[in-house]
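Taken together, the values in this text are just the output of simple stated rules run on the coordinates, not laboratory data. Because the structure is predicted, anything quoted here is derived from the model rather than measured. Cβ sites come from the backbone with ideal geometry, for glycine too, and all protein chains shown count toward neighbours.
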Amino acid sequence: MRFDEPRLCPVDLGTGLLGAGDGHYRKTFADLKGLYADEQAFSAILAERADEVAYEVTSYTPGGAVSDLIVGVTRMEPGKVGNEYFLTRGHIHARANRPEVYYGQKGHGLMQLESPDGEVRILEVGPQAICYVPPFWIHRSINVGDEDLVMMFTYPADSGQDYGIIERSGGMKVRIVDDGNGGWAQQPNPDYVPRSAATIEKLLHDAGLAA
């Protein structure tokens with residue numbers, strides 16, 4: 001029997017990139033239209049930085065089976081749109097019963113989590129902190145520091161991502177903003193639309209958990 005080969009993937013904290021990987025995608029500021037509340041402030045950023053990278057992900061995917069683990073690194077620029085900190089699009093796993101683990105390596109960030117029925121959790125992630133994202137939790141990263149946020153992540157290789165679940169609800173339930181004292185605060189998102197019972201039931205059903 002031929003076994004898969006081990007692999008070493010070094011992380012460069014200066015660039016926030018994973019070496020010896022096989023995947024790399026970038027999101028420019030132009031790709032993030034519609035994520036932020038202050039459209040005028042976002043338009044001002046686009047006028048100067050539309051094609052600059054807001055965040056990027058480098059990864060290694062050994063295979064597609066549930067027994068495999070995708071590993072990677074995400075790097076996000078520091079900054080704000082108006083008073084709202086830079087963030088990623090966020091997602092739930094397409095196979096929603098798959099977990100994910102993040103490991104902070106550089107910078108000061110938050111993991112914003114939301115259950116399908118609207119429970120909110122905000123976890124601070126700094127260097128050498130491990131953040132466990134349980135199955136079924138929608139999640140996104142937010143950079144609340146003044147330098148790049150760099151985090152390693154890993155999740156089952158068959159997980160997939162559903163980015164639309166946030167858009168279909170008008171965003172996540174809260175926004176993370178500057179509190180005016182050098183910290184951050186939660187602010188209710190007035191555009192948020194709670195998910196229907198049918199939507200939640202389908203997530204559970206697709207994972208084999210619905211009654």
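Structure above, values below:
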item	result
Gain on full stretching of the segment that runs from Asp179 to His205 - 0.36 nm per residue minus C-alpha separation	5.4 nm
Solvent-free Debye scattering, log10 I(q)/I(0), computed from the Cα coordinates of the chain at q = 0.11, 0.12 Å⁻¹	-0.54, -0.64
Leading residue at positive end of dipole, the chain (Cβ point charges), from Phe3, Gly180, Val120	Phe3
Additional length obtainable on full extension of the chain from Val120 to Asp38, 0.36 nm per residue less Cα span	27.3 nm
5 Å binning of all Cα-Cα separations within segment 161-211, expressed as whole percents from 0 upward	5, 18, 17, 18, 15, 11, 8, 5, 3, 0
Karplus-derived HN-Hα couplings along segment 45-53 (A = 6.51, B = -1.76, C = 1.60, θ = phi - 60°), whole Hz, x at Gly and Pro	5, 4, 4, 10, 10, 3, 9, 7, 7
Extent along principal axes [Cα atoms of segment 1-54; Å; largest to smallest]	59, 26, 16
Residues whose placed amide H lies under 5 Å from that of Trp184, excluding near-sequence neighbours	Asp179
Sorted peptide list for 105-117, 28-40, criterion being average Cβ within 10 angstrom, highest first	105-117, 28-40
For the chain, calculated [θ]222 nm from helices alone, where every DSSP H run of n ≥ 4 adds -39500 (n - 2.57)	-3000 deg cm²/dmol
Loop sites in segment 108-178: trypsin sites (Lys or Arg not before Pro), DSSP, at most 16 other Cβ within 10 Å	Arg168
For Val71, distant residues with modelled amide H under 5 Å away	Tyr60
5 angstrom amide H check on Arg175, placed H, neighbours 5+ away	Gln187, Asn189
Volume per residue of the C-alpha convex hull in segment 99-209, rounded to whole Å³	105 Å³
